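All remarks here apply to the structure that follows.
The values are calculated or read from the model by the stated rules, or taken from the named source; none is laboratory data. It should be emphasised that the depicted structure is a prediction, and the values quoted were computed from it without experimental measurement. Cβ placement follows ideal geometry from the backbone for every residue including glycine, while neighbour counts extend to all protein chains displayed. All accessible areas refer to the heavy atoms of the entire protein, side chains included, with ligands and DNA or RNA removed. Shrake-Rupley method; radii C 1.70, N 1.55, O 1.52, S 1.80 Å.
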Amino acid sequence: MKKLVPWLFASAAVMLMLPALAVRLVNADGGMAVCLALFFIVDPLFSVCIGVYAGRDIQRLWCLPIFPTVFFLLGAWLFLDAGETAFLFYAAVYALLGYAAMLISRFIRKNQ
């Protein structure tokens, strides 16, 4: 449980706070660029990082890649457009990236 809490807070910060800051602090023209950077760079990288960490102990940390997915949906629907179904696709991709990174990380650790 101690290993999950920091990642839970990090997921909330990256997936909730960054979109909130982008919406509130950046003007409309720059906001789109910031959101695209979040969707295509920051969020996928964070999902991969959390998956790599979860690969250390899959039995206990298998749920880690779910955190960014849930927080992403919550943040996107709260701060951008509530109920937009396109965000479900992004969330699914982030979950797949996280779980793929977890399995690859576990495979590499096992073979070393």
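How do the peptides 96-102, 77-83, 59-65 rank, highest first, by the average count of neighbouring beta carbon atoms within 10 Å per residue? Don't skip to the answer; put the middle values down first.
On the way: 96-102: 20.0, 77-83: 12.3, 59-65: 15.7.
Going from most to least packed, we get 96-102, 59-65, 77-83.
Please give the helix 28-37 orientation as an angle from the longest Cα principal axis of the chain, in degrees from 0 to 90, rounded to the nearest 10. Here the helix axis deviates by roughly 10 degrees. Here the Karplus curve 6.51 cos²θ - 1.76 cosθ + 1.60, taken at θ = phi - 60°, turns the phi angles of the range 103-110 into couplings of 5, 5, 4, 5, 4, 5, 5, 5 Hz, with x standing for Gly and Pro.
Computed in the context of the full set of protein chains, the accessible area of the chain at 1.4 Å probe radius has 73% of its extent on carbon or sulfur.
For the chain, what does the helix formula give at 222 nm: sum of -39500 (n - 2.57) over DSSP H segments with n ≥ 4, over the residue count, nearest 500 deg cm²/dmol?
Only helices count here, giving -23000 deg cm²/dmol.
Here the 3J(HN,Hα) profile of the range 14-25, calculated from phi with Karplus coefficients 6.51, -1.76 and 1.60 at θ = phi - 60°, is 6, 8, 10, 6, 5, x, 5, 5, 4, 5, 7, 9 Hz, Gly and Pro shown as x. Highest mean packing first, where packing is the average number of other Cβ atoms within 10 Å per residue, the peptides 67-73, 51-57 line up as 67-73, 51-57.
Taking max minus min of the alpha-carbon positions on each principal axis, the chain gives extents of 49, 24, 22 Å, largest first.
Computed over protein heavy atoms with a 1.4 Å probe, the accessible surface of the chain works out to 61 Å² per residue.
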